[in-house]
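Worksheet for the structure shown next.
The values are calculated or read from the model by the stated rules, or taken from the named source; none is laboratory data. This is a predicted model, so every value here is computed, not measured. Reconstructed Cβ throughout: ideal geometry from the backbone, glycine too, with neighbour counts over all protein chains shown. For accessibility, only protein heavy atoms count, side chains too; no ligands or nucleic acids. Shrake-Rupley method; radii C 1.70, N 1.55, O 1.52, S 1.80 Å.
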Amino acid sequence: VSHDLRTPLTAILGYSELLQKETLSPEGQEQLKRLNTKAGYMNDLVESLFEMTKVSSGVIPSKQEKIDLICLLEQTIGLFDDHLVSSGLTVRRNYVADTISVITDGARMYQVFANLLGNAIKYALSGTRIYFEVKETENHYVVRITNTASYEMDFKPDEIMQRFARGDKSRSTKGSGLGLAIAQTYTESVGGNFYVSID
């Protein structure tokens, strides 16, 4: 399926690149720009879906390395700093310790935290706070990211974690509906548990 999707996409992107070298009317240039945007989005979607499928099927084993969980969270927050500022959002932290060493796949957990923070920013009510909490239980750590939504959430947690499910049913916001599904798949691939709760 990945090959069947990639072949026509590669052709579309190739022809689009050729068209960029042609002299087009302003309307033609605008249409070409739209084509590039949509084809690029579709290409990213296929890549994300393909990667998630490989991870969930165990084709790509997770790396087990020692990482600092707090450092990883702070790096993720730092990379989204401009988005947080432009959205009028602030981050509040409640960590059980300044450093926490865990054995996990750092790249996958970064993707999990990036997806969750990206969603929190995209769907948060402007001027509110995003909370990062890390607490310790008897045999594991719990990372919780909480935000206040800008819309009424009329879905159940298990519905929103399905592939291509979107909280914004009108699909007026940018997104593929894969963010939470990827976060869940990657978390479970390293031996963790993933939950969404709605208050």
Worksheet item: Which residues, counting only those in region 70-95, are assigned to a loop (DSSP other than H, G, I, E, B), out of contact with any Ser or Thr (no Cβ under 6 Å at 6 or more places or on another chain) and either at positive phi or modelled with pLDDT of 95 or more (or both)?
Response: none
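How many residues, within region 80-91, are surrounded by 13 or more Cβ atoms within 10 Å (Cβ to Cβ) and without any contact (Cβ under 8 Å) to a residue 40 or more places away in the chain? Working first, answer last.
Our first condition is that a residue be surrounded by 13 or more Cβ atoms within 10 Å (Cβ to Cβ); within region 80-91, this holds for 80, 83-84, 87, 89, 91.
Filter once more, so that each one left must be without any contact (Cβ under 8 Å) to a residue 40 or more places away in the chain: 83, 87.
Summing the residues that are surrounded by 13 or more Cβ atoms within 10 Å (Cβ to Cβ) and without any contact (Cβ under 8 Å) to a residue 40 or more places away in the chain in region 80-91 gives 2.
Per-residue answers, yes or no, for (1) open to solvent by 70 Å² or more (accessible area, probe 1.4 Å); (2) touching a helix residue (DSSP H, G or I) at 6+ places or on another chain (Cβ under 9 Å); (3) under 23 Å from Leu178 (Cα atoms):
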| position | (1), (2), (3) |
| --- | --- |
| Thr10 | yes, yes, yes |
| Leu13 | no, yes, yes |
| Pro26 | yes, no, no |
| Gln31 | yes, no, no |
| Gly40 | no, yes, yes |
Worksheet item: Can Asn94 be described as within 18 Å of the chain's Cα centre (by Cα) and touching a residue at least 40 places away in the same chain (Cβ under 8 Å)?
Response: no
Worksheet item: Going by the structure shown, is Phe113 closer than 24 Å to Val46 by Cβ, at pLDDT 90 or above and among the hydrophobic types (A, V, I, L, M, F, W, C)?
Response: yes
Item to complete: Starting from region 27-46, keep only residues that are closer than 22 Å to Thr7 by Cβ and at pLDDT 85 or above, then list their pairs with residues that are hydrophobic (A, V, I, L, M, F, W, C) and not in a helix (DSSP H, G or I) whose Cβ atoms are within a distance under 8 Å, requiring at least 6 positions of separation or different chains.
Response: Leu32/Leu24
Worksheet item: Quick one: would you say Val1 is hydrophobic (A, V, I, L, M, F, W, C), under 23 Å from Glu188 (Cβ atoms), modelled with pLDDT under 75 and open to solvent by 100 Å² or more (accessible area, probe 1.4 Å)?
Response: yes
Practice prompt. Go through the residues of region 101-124 one by one and say whether even a single one is assigned to a loop (DSSP other than H, G, I, E, B), open to solvent by 70 Å² or more (accessible area, probe 1.4 Å) and of a type outside the set (D, E, K, R).
Written response: no
